[in-house]
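Chemist: Below: one structure in structure tokens.
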Amino acid sequence: MASIGQGVDRVDGRLKVTGRARYAAEFPISDLVHAVLVQSTIGAGTIAAVDMGAAQAMPGVLAIITPDNAPKLAMKGGAQQAVRAPLLQDNAVHFNGQHVAVVVAQTLVQANAAASQVRIRYRRDEPVTSMDAALAQAYPPKNFRNGERPPDSRRGDPDTAFDGAAAKVDVTYITPIEHHNPMEPHATIARWDGDRLTVWTATQGISGAQQSLAGLFGIAPQDVHIVCPFVGGGFGCKGNTWPPATLAAMAAKVVGRPVKLAVTRAQMFTSNGYRPRTVQKLRFAADDQGRLVSMRHDGFSQMSQPVLGEFSEPVGLATEMLYACPNVAVSHRLVATNASLPTYMRAPGLASGNFALESAIDELAVALKMDPLEFRLRNYAEQEPHQNKPFASKALRACYQQGAEAFGWSRRSAEPRSMRDGSVLIGWGMATSTYPTHRMPASAYVRLGADNSALVRVGTQDLGTGTYTVMSQIAANTLGVPVERIRFELGDSAFPHAPVSGGSMTVASVGPAVKAACEAARAKLQRDGGEVAEASVDVKPGEEEHRYAMHAFGAQFVEVRVDAELGEIRVSRFVGAFDAGRVMNAKTARSQLIGGIVYGLGMALLEETHVDGETGRIVNANIAEYLVPVNADVPDIQTIIVPNDELVSNPLGAKGIGELPMVGVAAAVANAVYNATGVRVRKVPIRIEDVLV
Amino acid sequence: MQAFHLAQPTMLLDALAIGNAADTKFIAGGTDLMQLLKDNVETPAQLVDLEGVGLSQIRADASGLRLEAMARMSDVAAHLDVRAQWPVIAQALEASASPQVRNMGTIGGNLLQRTRCGYFRDTGFNCNKREPGSGCPAIAGENRMLAILGGSDHCIATHASDLAVALTALDAVLELRRAGDAPRQVPITEFYRLPGTTPQIETVLRPGEMITAVIVPPSAAARNSHYLKLRDRASFEFALVSAAVALDVRDGTGRDIRVAAGGVGTRPWRLPEVEAALRGKKLNDDALREASSRAGEGARPAGQNAFKQILLRRAVLRTLQTASA
Ligand SMILES: Cc1cc2nc3c(=O)[nH]c(=O)nc-3n(C[C@H](O)[C@H](O)[C@H](O)COP(=O)(O)OP(=O)(O)OC[C@H]3O[C@@H](n4cnc5c(N)ncnc54)[C@H](O)[C@@H]3O)c2cc1C
Ligand code: SF4
């Protein structure tokens, strides 16, 4: 009966492949009308006038909402996820592609046609489109990691240690703007019944959406009902309550009818955040024994105009804790540009930061003439070196060993350009992955029948990762019943509270709540007898957070093939070995691992948003020209789960598996490209022209 | 998208007659045009759907290959005679787009697909090709994918078709028809125009004129032809640089040599300088290297696309080596 860890099929798989899983835009709401966003075509300035004459007279048009006539929002409450601009509350244009009007019409076709006829006159200012040119104006974040810690840290004296060291690297790494591009674009249906608002929306956090919309419209949270049973991928861009959801609700209020607002793929590029560009300066040094003596990691990340909010890419987090180095300093700065607000994207901070960190470590190993894996082992941190705490568990050494073994790392030739297959250069590279184990309070409701069937409800989300399945397994396991006896429901704000599905913390947060509620219901049924027993419980993390450092780990190994003359780079082999704590479901876990690795390959070789330097407008706002990997780019991927039965981190021992596998992939690829070609590429994506020597 | 009238004729003559009306466009597979309609880049008043007019035969015999305009890319690529006699065509098609797009996309539509220049495809930008006189932001902007050959101060957009590069190497001829006119034949090397001061005019097609067929002569060189396409993504991406080579080698000497390149020119780019350097010569590696080093003479890179000059030479060399091996 125990199904935890087994590769149980997705309980919602049949619904999905038969098209019956209902996504936000698909709810059949009667009397529905359609809203379309109109976006700015300048990068900075103000709206001088909106000419809606022609558009207003077009068939089916119900309303054209602009800053001139938009209802004023209450803007109350402090929900962290509430994005407060641009919401048509003033005439300012802060970036190219900013929402400047909403057209509502009877049909989508009518709304689209009218939207293209809305003419806007602007007073133009000069937009700041390049962060690289504005580094001198960098400023410290005000609210780094939501105020949980300062943006800078330091231990020892890295500068002095650097000066006297035997081997040094002093390098700058760059990562580009990347967009999440989930399969399902953002979509919202909003309906007002008096002062009560119902919203069907694609979100990673129904609680956040409820709080945010309540605050923005000045109503009580219990008067906002969020429904979101399925999400077609989020990767971070559905974490916040972005303007399109709010504007849908505003439009519904204006026309007095339910409104659907589905963001187009192109509009997604300025509607719901992105991974900001980073410039990272690293100064690392080691002694002649290969011991790290100094690490400085100064990160600059690109921002919108500050009035839109704040997001800082925390690139230095792993640098603080990954290696046993006595002298370490990291800093984080922001550079304001005329762009939309950046946000979390799969493995925020660590994806970008570890590309730089783990590439620079490779550079230092080369300088020391040491095998890069050996160099990492020599600097292995047995304790968390930044906070001086024990790790709740750390099986990274086993990841290195098992990954290296499976890959055949010991047969690597360290000399660049020394492994060849005809005209093709072969390179092997590796890098470390790590991601913090998060947990937040969560609640669950269980109704257990004497017939051993159970209904379990949590106001959590399933981004496509397998929440329905894994929570059903946890409930089944706790109750000792087959998975088919469990009905698990989520995605409704009327259900007990759960945190945002982000930070790889859903299993660690919601799982213990489900487990505890099941235990409580079973105890009640056994005690009281009868046909059914109900239980609602709230659980939260305990002291362990303060006593231990909690992180997941991994080791990534990759082989690339680079045509010596033509420069085409193809990944031919990949092995990732991971310590993700206990695995709940072998199948969904493998899906997360290979999905994360593929996401990392995209970062390494393909993904980049191109911004026009003159206008600040995105030039490749589509998925024909914003490249993500296709099947032909993805080699056989071997994933290894290193056993770890530790239960200190949380009652299920799950360390989080959604983000970990993409961390380090870009560095491993860059290190392999160096091994193949002798060219050290300090930016991603690595492209043909970077290796044409 | 703007409202348009849709005509669905079932006879070629009707299609030609309707197609001759003002502000009218033909639509074949729709894989390119639909996108441009949705994005308001194209706003015709009327579309003539060619689906019902037939015109999808593929015929190969001793006189050559005749591909009717509505033949699907996938059907042409799979055709056994095409694969045997004109392999560069099949290879170029199989390196194009995705299986799904190739199942819909047609030969005529492929040759008339519009450029992928991101500025052209977004009405939020200025673009001389879309709005004559509005300017070309690509020249000083994001131009990595754009042309190093054949550009002007008004436009440097690349022609994106792979098939057109293969057909350019093979000296294909396009058969064109317009209501009221006699059918005419135009060599593909004269079909595409350089942008000059009028980048909005891309071909010699007259208003209302239709491509009805592509005719490819047979040759020993065509039988030994190869296509190489270079790109960052292994599939489903347009060429950064591509090369089409058709080679007739006898006793180690190059007799008939055709070389064309894609991804580098504002139209499919024939490389006569490379051909001339090899004609009548012994095709040893030195000769191939020397000849390919001439590829792209007179190139004018715009910045991000400067690497294409080197890549072009190497792509040409590799393809020549493959074809002469
Ligand atoms: C994501 C993506 C990737 C792609 N990658 C590649 C690639 O790598 N290489 C490549 O070569 N192509 C590529 N393509 C382009 C694709 O091959 C073309 O879209 C397709 O060939 C167009 O054919 P169609 O029949 O659908 O044309 P349509 O979209 O129907 O028409 C295109 C144009 O041709 C005109 N037209 C069509 N038929 C005729 C005719 N008989 N006479 C006169 N005018 C006509 C139409 O009016 C229109 O202007 C890609 C397309 C997409 C969407
Ligand atoms: S290169 Fe041509 S298509 Fe591109 S922006 Fe310039 S004019 Fe337009």
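Chemist: How many percent of Cα pairs in the stretch A:440-540 exceed 17 Å?
Modeler: Considering the stretch A:440-540, 43 percent of its Cα-Cα pairs are separated by more than 17 Å.
Chemist: Okay, moving on. Rounded to two decimals, what is Rg over Rh for the stretch B:135-264 when you use alpha-carbon atoms and the Kirkwood radius?
Modeler: The Rg/Rh ratio comes out at 1.02.
Chemist: Can you find, among B:Phe236, B:Gly265, B:Thr319, the residue farthest towards the positive end of the dipole of the stretch B:220-324? Put +1 on the C-beta of Lys and Arg, -1 on that of Asp and Glu.
Modeler: Of B:Phe236, B:Gly265, B:Thr319, it is B:Phe236.
Chemist: Which lysines have a Cα lying under 22 Å from the Cα of A:Lys72, excluding residues fewer than 8 positions away in the same chain?
Modeler: A:Lys253, A:Lys260
Chemist: Then there is this: Starting from the amide H of A:Phe488, placed 1.01 Å from N in the peptide plane, find each other amide H under 5 Å away whose residue is 5 or more places distant or on another chain.
Modeler: A:Val456
Chemist: Which value in nm describes the separation of the simple spin-label points at A:Gln289 and A:Glu544, placed 7 Å from the Cα toward the beta carbon?
Modeler: Taking the two extended label points, one gets 3.5 nm.
Chemist: What's the whole-number percent of alpha carbon pairs in the stretch B:64-114 lying beyond 15 angstrom?
Modeler: Cα-Cα pairs of the stretch B:64-114 separated by over 15 Å account for 38 percent.
Chemist: I need the trypsin sites (Lys or Arg not before Pro) found in the stretch A:355-387, filtered to DSSP loop residues with at most 11 other beta carbons within 10 Å of theirs.
Modeler: A:Lys369
Chemist: Give me the one-decimal nm value for the distance between modelled label points at B:Ser235 and A:Ser413, 7 Å along each residue's Cα-to-Cβ direction.
Modeler: Calculated label separation equals 3.2 nm.
Chemist: Tell me which residues come under 5 Å, amide H to amide H, from A:Val33 once H is placed; ignore anything under 5 positions away on its chain.
Modeler: Here A:Val259, A:Lys260 satisfy the definition.
Chemist: Using the Cα centre of the stretch A:440-540 as the reference point, and only Cβ charges (+1 on K/R, -1 on D/E), how large is the resulting charge dipole? Debye, rounded to the nearest 20.
Modeler: 200 debye
Chemist: Under the definition of partner shielding as Cβ atoms of other protein chains within 10 Å of a residue Cβ, what is the mean value for peptide B:309-321?
Modeler: That works out to 2 on average.
Chemist: Rounded to two decimals, what ratio of Rg to Rh does the stretch A:188-315 give with C-alpha atoms and a Kirkwood Rh?
Modeler: Rounded to two decimals, Rg over Rh is 1.19.
Chemist: In nm, give the distance between the simple-model label positions of B:Arg193 and A:Asn69, each being 7 Å from the Cα along the Cα-to-Cβ direction.
Modeler: 4.4 nm
Chemist: Also, quick follow-up: Quickly estimate the mean residue ellipticity at 222 nm for chain A, helices only: each DSSP H run with n ≥ 4 gives -39500 (n - 2.57), and the total goes over all residues, rounded to 500.
Modeler: -7000 deg cm²/dmol
Chemist: Let me ask another. Could you calculate the contour length gain from A:Asn388 to A:Gln106, that is, 0.36 nm times the residue separation minus the distance between their Cα atoms, to one decimal place in nm?
Modeler: That pair, A:Asn388 and A:Gln106, stretches by 95.3 nm at full extension.
Chemist: Take the Cα radius of gyration of the stretch A:31-348 and divide it by 2.2 N^0.38 Å, with N its residue count; two decimals is plenty.
Modeler: 1.14
Chemist: Related question: So which of A:Lys394/A:Lys587; A:Lys16/A:Lys540; A:Lys683/B:Lys229; A:Lys389/A:Lys515; A:Lys369/A:Lys389 end up more than 27 Å apart, counting from Cα to Cα?
Modeler: As for pairs spanning more than 27 Å Cα to Cα, those are A:Lys16/A:Lys540; A:Lys389/A:Lys515; A:Lys369/A:Lys389.
Chemist: Mind checking which lysines have their Cα closer than 22 Å to the Cα of A:Lys142? Skip sequence neighbours fewer than 8 apart in that chain.
Modeler: A:Lys76, A:Lys281
Chemist: A further question on this structure: Rounded to two decimals, what ratio of Rg to Rh does the stretch B:220-324 give with C-alpha atoms and a Kirkwood Rh?
Modeler: In the stretch B:220-324, Rg relative to Rh is 0.97.
Chemist: List the residues, sorted by chain then number, that are 5 or more residues from A:Ala82 or on another chain and whose placed amide H is less than 5 Å from its amide H.
Modeler: Placed amide hydrogens put A:Thr241 under 5 Å from A:Ala82.
Chemist: Follow-up. Just to be sure I understand the curve: with the Debye formula and one point per C-alpha of the stretch A:194-250, what is log10 I(q)/I(0) at q = 0.16, 0.19, 0.24, 0.29 Å⁻¹?
Modeler: Each listed q corresponds, in turn, to -0.42, -0.59, -0.92, -1.30.
Chemist: Counting GluC sites (Glu not before Pro) as exposed when in a DSSP loop with at most 13 other beta carbons within 10 Å, what is the longest stretch of chain A free of them?
Modeler: With a cap of 13 other Cβ atoms within 10 Å, the longest stretch comes to A:149-381.
Chemist: Here's something else I'd like to know. Could you give me D for chain B, from Stokes-Einstein at 10 °C and 1.306 mPa s, where the hydrodynamic radius is the Kirkwood radius over C-alpha pairs? Units µm² s⁻¹, please.
Modeler: Calculated translational D: 79 µm²/s.
Chemist: How many Å³ per residue does the convex hull of the Cα positions in the protein assembly as shown occupy?
Modeler: 176 Å³
Chemist: Here's another thing I want to ask about it. Could you please state, rounded to a whole Å, how far the C-alpha centre of the stretch B:88-133 is from the C-alpha centre of the stretch B:181-259?
Modeler: 15 Å
Chemist: Okay, next question. What's the magnitude of the charge dipole for the stretch A:31-348 around its Cα centre, counting Lys and Arg as +1 and Asp and Glu as -1 at the beta-carbon? Answer in Debye, nearest 20.
Modeler: For this selection, approximately 500 debye.
Chemist: Now, a different point. When only alpha-carbon atoms are used, what values of Rg and Dmax, in angstrom, describe the stretch A:241-321?
Modeler: For the stretch A:241-321, the Cα radius of gyration and maximum Cα-Cα distance read 21.3, 73 Å.
Chemist: Let me check I have the definition right: for the stretch A:18-175, take the eigenvalues of the Cα gyration tensor, multiply each by 5, take square roots. What are those semi-axes in whole Å, largest first?
Modeler: 45, 22, 17
Chemist: What fraction, in whole percent, of alpha-carbon pairs in the stretch B:45-177 exceed 20 Å separation?
Modeler: For the stretch B:45-177, the share of Cα pairs beyond 20 Å comes to 53 percent.
Chemist: With +1 on the Cβ of every Lys and Arg and -1 on the Cβ of every Asp and Glu, and nothing else charged, how large is the dipole of the stretch B:150-191 about its Cα centre, in debye rounded to the nearest 20?
Modeler: The calculated dipole for the stretch B:150-191 is roughly 180 debye.
Chemist: Per residue of B:36-42, count partner chain C-beta atoms within 10 Å of its C-beta, then hand back the mean as an integer.
Modeler: The mean count of partner-chain Cβ atoms within 10 Å per residue comes to 2.
Laboratory data are not the source of any read-out in this text; all were calculated from the coordinates shown. Owing to the predicted nature of the structure, the values given are computational and were not obtained by experimental measurement. No Cβ is skipped: glycine too gets one built from the backbone with ideal geometry, and neighbour counts run over all protein chains shown.
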